[in-house]
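**Student:** This is the structure, below, for whatever I ask next.
Read the figures in this text as sums done on the coordinates, not as results from a lab. Small disclaimer: the values here were computed from a predicted structure and weren't measured. Every residue, glycine among them, receives a Cβ derived from its backbone with ideal geometry; neighbour counts consider all protein chains shown.
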Amino acid sequence: MPALTQNTILENIRRISQGAKGENICSTLLEALETETAQVAQYLGSSNEEAFFFAVVLSLYFNGREVEFNDLCRFFDSDSFEILPHLVHLDGFVQNGILIRKGPSKRMSDIPFFKSYAVASEVCDAIVKNKPCPVLKKKYQGTLIDALEMMHDQIVSCLDDELSAEELFTELEALAKQHKKYQIFKTIHALGLSPIDLAVLIYVTWLTIIGSKRVDADRVLKTIIKRNADRAKYLQDIYYLQNPLIKNGLLETKEARFFNDVDYLISDKTKTLLEEDGIIMPHKSSKRTDVILPENIAEKPLFYNEKELVQIDKMRASLDHTAYTDISERLKAKNLSTGMTILLFGDPGTGKTELVLQMAKQTGRQIMKIDISKTKSMWFGESEKLVKKIFDDYKAYAQTQEKTPILFFNEADAVLSKRTSSDKSNTSNTENAIQNLLLDEFENFDGILIATTNLTKNLDPAYDRRFLFKIKIGAPDLLQRQTIWQSKLQFLSEQECAALANLSLTGGQIDNIARKCEIQQILSGNYPTLCEIEQFSKEESSMSVKAAAIGF
């Protein structure tokens, strides 16, 4: 820093203030104060014009309050049109932190261009003590984490009314452009995110980096989206997963009951983008509760008639990795739907669910299991959100897997049933809304979807063409039942199995009886006799009749 000469900086600022007060801003005035302004400019590292206006602002600031636009007009005894063109001389000091520009006072809140100015306390202290001017904001030359922190600081400045929303957007977009070499900013640019989305993403990302598990961005949204209607629309898009941050997998939301009660989390996709530039973030556990890994499925023999086997073998061959890839490419090339959608229907206990598990094991595919019958009560009031989330989650998860996983709708009777037309109740309207949304998702589905149902007579006809394969799994015939008995209860003779095969039981019912036999052997040390097994069978048949009377 060059040595200070002649007067102290404070004395130069006093002389500028005294010489400029009540004078018109013109070249003659600047020339008259050239010696003083030159020394202040040297001190600040600025132009003479910038130093001149800084000196005026500082002299007014020393009166004990922030300097407003009207204060400058009164100081120069000039109207606003004369002062406005000169405000640009203060911008450089705002950018390097010497001046702090704040939002308009309440009486001028409808004129966002008019700001008030404060001088950084470190600068005031240095001038009073005739010390070198401190460097408050260095030109950014750091890492991605430095850039994100800088952008977060700008958001905080907006929250503290030091920046308007418009100024914040300008700052954030400039910083994002300046640091576009980083993957997260490349993605932001490619997606064309709005300034509001950019602010929300940076805010959530930075707070996550410094330790927050989930972030409430309500204060940010209230600050940068002034109109209640606009903010409500933005929150609705978030809630119903229509916002670009959610749709493109950059942010996730925590379940909430109301629009304004949403917590945000950065996604694994965003974490991966950060990791590519050196910011390591913990990812969610790979052990998803809704995903079944093929290696965790126990191998189990299944028995079908000849007609069923032909269809099942075709389905299994289509899910082979190489064949599935070839099929998808061929269908796509011919502009046909690439979704592999399969419906397994038939009576309860015929092995539909087990068939899906064995198919996944044989083809090495993971299963994302959606048990609609257990979660149906959750649909009411937020059906659109839940339907969309199921398919969005599947799509995002599928992109992380080498082999396309199976989206499995188990016991899908609850949502595949016929739509109602006469009942105008809220429940019927909700169920119809679910139906329509599912039909749209099925129509545009890309992946492997398998649904099972027991009630084919109540199946909505609109689903018929949505399923590429429709396979009926019937109850086993006499020969199949004997084979199943022999495979399950190997302590029985062939004749005893033949006798039991005369009982009209499904594979699922025989499974239950086999479990009872094993339990009895553990408790008593002996397997049950044929008579006892026949009694188990009667009990199982009795339960089946009662269940049929009750319904699904």
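**Student:** Expressed as a rounded percentage, what relative contact order does segment 478-550 have, with Cα pairs under 8 Å and six or more residues apart?
**Tutor:** 27 percent
**Student:** If you don't mind, another one. Where a ≥ b ≥ c are the square roots of the eigenvalues of the C-alpha gyration tensor, would you call segment 478-550 rounded, which needs a/c under 1.5, or, failing that, prolate if a/b is larger than b/c, or oblate?
**Tutor:** Verdict is oblate for segment 478-550.
**Student:** Which of the peptides 148-158, 171-181 is most tightly packed, and how do the rest follow, judged by the mean count of other Cβ atoms within 10 Å per residue?
**Tutor:** The packing order, highest mean first, is 148-158, 171-181.
**Student:** So between S47 and L29, what do we pick up on full extension, going 0.36 nm a residue minus the alpha carbon distance?
**Tutor:** In short, 4.9 nm is gained.
**Student:** What list do you get for D393, D146 if you sort them by fewest beta carbons within 10 Å?
**Tutor:** D146, D393
**Student:** In nanometres, what is the gap between the two model label sites at D146 and N502, each 7 Å from Cα along Cα-to-Cβ?
**Tutor:** Here the answer is 8.8 nm between the modelled labels.
**Student:** Using a Förster distance of 56 angstrom, determine the FRET efficiency expected from the C-beta separation of A38 and E173, and round it to 0.05.
**Tutor:** About 0.95, to the nearest 0.05.
**Student:** Just to be sure I understand: if I project the alpha-carbon convex hull of segment 1-80 onto a plane and average over all orientations, what area do I get in nm²?
**Tutor:** Working: hull surface 21.1 nm².
Seen from a random direction, the Cα hull of segment 1-80 projects 5.3 nm² on average.
**Student:** A follow-up question, please. For N63 and N526, calculate 0.36 nm times their separation in residues minus their Cα-Cα distance, and state this gained length in nm to one decimal.
**Tutor:** 156.8 nm
**Student:** Between rounded, prolate and oblate, where does segment 9-128 land on the alpha carbon gyration tensor, with a ≥ b ≥ c its root eigenvalues, rounded for a/c under 1.5, else prolate if a/b exceeds b/c?
**Tutor:** oblate
**Student:** Okay, moving on. Hey, rough spin-label estimate for K247 and N305, points 7 angstrom out along Cα→Cβ, what's it come to in nanometres?
**Tutor:** 4.9 nm
**Student:** So if I take the centroid of the Cα atoms in segment 317-363 and the same for segment 189-246, what is the distance between those two points in Å?
**Tutor:** Going from one Cα centre to the other spans 38 Å.
**Student:** To continue, here is another question. Quick check: residue separation of D320 and K233 times 0.36 nm, minus the Cα distance between them. What number comes out in nm?
**Tutor:** That works out to 26.8 nm of additional length.
**Student:** For segment 9-128, what's the relative contact order in percent, using C-alpha pairs closer than 8 Å and at least 6 residues apart?
**Tutor:** Dividing the mean separation by the residue count of segment 9-128 yields 24 percent.
**Student:** Arrange the following residues from fewest to most other Cβ atoms within 10 Å of their Cβ: T28, T363.
**Tutor:** On the way: T28 9, T363 21.
Ranking T28, T363 by Cβ neighbours within 10 Å, fewest first, gives T28, T363.
**Student:** Here's another thing I want to ask about it. Go ahead and run the numbers for FRET between L159 and R74, Cβ-Cβ distance against an R0 of 30 Å, rounding to 0.05.
**Tutor:** On the way: r = 31 Å, r/R0 = 1.02.
After rounding, the FRET efficiency stands at 0.45.
**Student:** Can you work out the PRE-style zone for L478? Point 7 Å along Cα to Cβ, and I want the residues of segment 492-519 with backbone N under 13 Å.
**Tutor:** Only 498-504 pass the distance filter.
**Student:** So, one more: Which FRET efficiency value, to the nearest 0.05, do you get for N130 and I210 by plugging their Cβ-Cβ distance into 1/(1 + (r/R0)^6) with R0 = 41 Å?
**Tutor:** The formula returns an efficiency of 0.60 here.
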